[in-house]
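Please read the structure below before turning to the comments.
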Amino acid sequence: GNLEWLDKNKTSFLIMWRRPEEWGKLIYQWVSKNGLTNSVFTLYELTSGDDTENEEFHGLDEPMLLRALQALQQEHKAEIITLDDGRGVKFF
């Protein structure tokens, strides 16, 4: 479940430490634990900010972060938004 083929011919693949849904769950647990629902974060703040330094998702690459946030969006726990200087997310 942690391998994903990147092409139709199955010549290259991505091995994930955690599936996007698992990363999303970890991120949402941090948001809930810290009383940050109804807050907006930039993607940079989530993966590189001082507040997340001790979290497992700190340093997560942006494509995987976006997939994790998309999983949360499907669960109606977050919404990915466009900000002036990039993308962000609002948690519910």
| From the backbone phi of the range 5-10, what are the Karplus-calculated ³J(HN,Hα) couplings (6.51 cos²θ - 1.76 cosθ + 1.60, θ = phi - 60°) in whole Hz, Gly and Pro given as x? | 6, 9, 9, 5, 7, 6
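Among 42-55, 74-87, 2-15, how do they line up from the highest to the lowest mean number of other beta-carbon atoms within 10 Å?
In descending order of packing, they fall as 42-55, 74-87, 2-15.
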| query | Between rounded, prolate and oblate, where does the range 19-91 land on the alpha carbon gyration tensor, with a ≥ b ≥ c its root eigenvalues, rounded for a/c under 1.5, else prolate if a/b exceeds b/c? | reply | rounded
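Counting only helical runs of four or more DSSP H residues, what would the 222 nm mean residue ellipticity of the chain come to if each run contributes -39,500 (n - 2.57) and the total is spread over all its residues?
On the way: 3 runs with 33 residues, N = 92.
Value at 222 nm, helices only: -11000 deg cm²/dmol.
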| task | Give a residue-ordered list of calculated ³J(HN,Hα) values for the range 23-38 (Karplus: 6.51 cos²θ - 1.76 cosθ + 1.60, θ = phi - 60°; whole Hz; x for Gly, Pro). | result | 4, x, 4, 4, 5, 5, 4, 5, 4, 5, 4, 9, x, 9, 5, 6
| Farthest toward the dipole's positive end in the chain, which of Gly59, Ile27, Ala71, given Cβ charges of +1 (Lys, Arg) and -1 (Asp, Glu) about the Cα centre? | Ala71
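Please state the charge dipole magnitude for the chain, taken about the Cα centre, from unit charges on C-beta atoms (+1 on K and R, -1 on D and E), reported in debye and rounded to the nearest 20. Before the final figure, lay out the partial values.
Values: 10 positive and 16 negative charges, 98 e Å.
In total the dipole reaches around 480 debye.
Total Lys pairs in the chain closer than 28 Å by alpha-carbon, pairs eight or more apart in sequence or interchain only? Mind dumping the intermediate values first?
Details: Lys25/Lys33; Lys25/Lys77; Lys25/Lys90; Lys33/Lys77; Lys33/Lys90; Lys77/Lys90.
Total qualifying Lys-Lys pairs in the chain comes to 6.
Laboratory data are not the source of any read-out in this text; all were calculated from the coordinates shown. In this text, all values refer to a predicted model and were calculated from it rather than measured experimentally. Cβ coordinates were reconstructed from backbone atoms using ideal geometry, including for glycine residues, and neighbour counts include every protein chain displayed.
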